[in-house]
1. Can you say whether residue B:299 is away from the ligand (no atom under 16 Å from the Cβ) and either open to solvent by 10 Å² or more (accessible area, probe 1.4 Å) or touching a residue at least 12 places away in the same chain (Cβ under 8 Å) (or both), as far as the supplied structure shows?
2. Going by the conditions given, is residue A:174 of a type in the set (A, V, I, L, M, F, W, C) and either under 22 Å from residue A:261 (Cα atoms) or assigned to a loop (DSSP other than H, G, I, E, B) (or both)?
3. Can you confirm whether residue B:353 is aliphatic (A, V, I, L, M) and open to solvent by 10 Å² or more (accessible area, probe 1.4 Å)?
4. Hey, can you tell me all the residues within region A:33-69 that are more than 10 Å from chain B (Cβ to nearest Cβ) and of a type in the set (D, E, K, R)?
5. Kindly provide the set of residues from region B:203-233 that are among the aliphatic types (A, V, I, L, M) and open to solvent by less than 10 Å² (accessible area, probe 1.4 Å), ordered by number.
6. Among the residues of region A:200-215, are any more than 8 Å from chain B (Cβ to nearest Cβ) and assigned to a loop (DSSP other than H, G, I, E, B)?
7. State all residues of region B:25-44 that are touching a residue at least 60 places away in the same chain (Cβ under 8 Å), out of contact with any helix residue (DSSP H, G or I) (no Cβ under 7 Å at 6 or more places or on another chain) and open to solvent by 70 Å² or more (accessible area, probe 1.4 Å); if no residue qualifies, say none.
8. For region B:60-67, indicate whether the set of residues that are under 27 Å from residue B:273 (Cβ atoms) and open to solvent by less than 20 Å² (accessible area, probe 1.4 Å) is non-empty.
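The values are calculated or read from the model by the stated rules, or taken from the named source; none is laboratory data. None of the values given here were measured: they were computed from a predicted structure. Methodologically, a virtual Cβ is constructed for each residue, glycine included, from the backbone with ideal geometry; neighbour enumeration extends over all protein chains shown. These area figures cover heavy atoms from the full protein model, side chains too; ligands, DNA and RNA do not enter into them. Shrake-Rupley method; radii C 1.70, N 1.55, O 1.52, S 1.80 Å.
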Amino acid sequence: MNATAASEGPTRTSQPRVGLFVTCLVDIIRPSVGFAAVKLLEDAGCKVIVPSQTCCGQPAYNSGDRATAKTLALQAIEAFEDCDYVVAPSGSCGGMLVKHYPDLFAGEPDLAERAERFAEKSHELVSFLVDVLGVQKVAARYDGTVAYHDSCAGLRELGVKTQPRRLLAGVEGLTLVELDQAETCCGFGGLFAAKYGELSNAIVARKADDIRGAKADTVLAGDLGCLLNMVGKLQREGSAVKARHVAEILAGMADGPAIGESQKGPRQ
Amino acid sequence: MNEVATSAHFKENAHEALTDARLQGALGFSRNFVGRRAAAVARLPEFDALRDSARAIKDHTLAHLDLYLEAYERKVRESGGEVHYAQDAEEARQIVIDLCRSMGAMSVTKGKSMISEEIGLNHALEAAGIEAVETDLGEYIIQLRGETPSHIIAPAIHLTAKDVEQEFRKAHRDLPPDRSLAEPEQLLSEARQVLRAKFLAADVGITGANFLIAETGTSIIVTNEGNGDLTQILPQAHIVIASIEKVVPTLEDAAQLLRVLARSATGQDASVYTTLSTGPRRPHDPDGPRAYHVVLLDNGRSAMLGGEFEDMLRCIRCGACMNHCPVYQAVGGHAYGWVYPGPMGAVLTPSLIGVAEGGQLPNASTFCGRCEEVCPVRIPLPNMMRHWREREFERRLSPAPLRYGLGFWAFFASRPALYRLGADLAARAMRLAGRGKGRFSWLPFAGGWTRYRDLAAPEGATFQSQWRARSGAVR
Ligand code: SF4
């Protein structure tokens, strides 16, 4: 199950240096998504580097702690200074880098300009592959029926909608079905899921119904947070639907256990 | 004093709503608006361009609000009406009551008005011995039930037709008990029948306003039932109650806003009735009120001008943000605990009644952004909710566990080397703890999550630690 991504984008004279913003959830909970991202980027002709990093600062930003958010934003901007691009396997963290970093420093001209430059070179993974690198097709295989959930920030802040579907359409053996409410929030919302657990549960319960109704065997998304939420609910309800980050499928690296599955469990 | 709020108990209110099977059944209806709006937007290719001009009209007006209010007031006077300014809810109620008393009014009919809800007008009128009858079907129903609206354009959306039938049988005891009320049309016609007598008996008609036109002194209301027309034409006096940001410069501007309003609200190209009223009856008019008053309410709005919440004053009260909100869809409007629910309420409520009372609302959002996506005047609702969270955090109003938790996490997150080490240790330890199943069904400190959902266990060493091991990096 090997994948080779064929870049049909403009031929480059030099390899773009892409800094992988791995995101704290992928770093800690599912490193394999990070390796899938590396593979996709390298196959598309990038030189991938991984600067020392922590978190984009979104939990602080969305909790009203602007000072901490700024500290972490500056830290990230500095860490990725020498990269041509910054790419995150997440629309949510991507949205933070692209849309909210410039807002954080509005009114501080020098920093605002730096944040603006950083925002310009930052991208969500799949839209970067398609829109910037011009990748049309990845040569991966996945035997299954999948539904793709549009994570909110990727969809609304970064316009990630057609890019993952276009690449998934080229994956051999894969059937893509649409959720009835693919653009409806799964109820994750970062700390919201824990602070308003009951409410978050009510929202994700409806999402789980939608996923089961679509008769997919695997649900995909571009954000690990949403995936943890959706599959956590599906598993609690005893559903056998699996969840994977879209990068795992596109990189042909979906042979390990799916999210939250037994690490000794059945392998595909 | 404004209407009593329970917004500070949002979580408890939400719990009640989520465990109320009847309410959960009724809430399904609000989701119909989503498809209808989408269809209406698809039929009008220039919809997004219209939203831009709608936004520009409101921004321009807000930037010159004092001028347009003066112009509006002048025109109202020229047409024979009077304008009264009310600083707060108390003043507004007093003005209305004084007007009613000066005319010897005993009975008032009312068109749908959220400002009336905001100032708690019905209670005040009743207390002053004046009968107030809501004539919008939804408002009439909730008035019978002693409830507040649960939606800004569909006040009784939390009820099913069955609930309404029961309410009518209880309230209209002089009608034949064996009559059929199975069809919504039968409910509507019974309400019409009961209200007809009230319309004819009313001394004063009170309506809200969707727009006030500075160039002509006109107020505009849109309805689907036509009740507003009877409310303002039949009695001897018409009182319009509206908040100051309802003013727009010209009729043409209002027409532009109307084009996005109905489509955003119900997916209609236009509401069934769009009613314009300018001053009292003129000598040659066949009908109309003999007196025309406008009560303009501030109630905290002018303080929003020029600040970070000014954009909120663009709101044209279409309700699209709540129709599309996953939180509103799950709990309905009453859980928000005051007059304005959903995303617009989450921004407006702390502005109008204070962050100590309303501060929970902007926190209870996933920031999914769908409200902003559909708002016809492009109000950045999530950003403004975040502003409220920032104010709470600055004033140390956020819950202590959140503040300390963030502080602890921030300590590590701002020290990359330490963070990498700690994260790697934690991830490895959690992998061991979650071994076998690959996920947790219970975790300490994560009860809000694991009470309802499993949580995937980490795969093992962190990505950064594996990457370093692999590439021998020392950076
Ligand atoms: S905030 Fe926007 S979407 Fe919500 S009611 Fe106001 S105008 Fe409509």
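1. yes
2. Considered against the rule, which asks whether it is of a type in the set (A, V, I, L, M, F, W, C) and either under 22 Å from residue A:261 (Cα atoms) or assigned to a loop (DSSP other than H, G, I, E, B) (or both), residue A:174 comes out as yes.
3. Spelling it out, residue B:353 is indeed aliphatic (A, V, I, L, M) and open to solvent by 10 Å² or more (accessible area, probe 1.4 Å).
4. Listed by number, the residues that qualify are A:39, A:42, A:43, A:47.
5. B:204, B:206, B:212, B:213, B:214, B:220
6. yes
7. The answer is B:29, B:36, B:43.
8. There is at least one residue in region B:60-67 that is under 27 Å from residue B:273 (Cβ atoms) and open to solvent by less than 20 Å² (accessible area, probe 1.4 Å).
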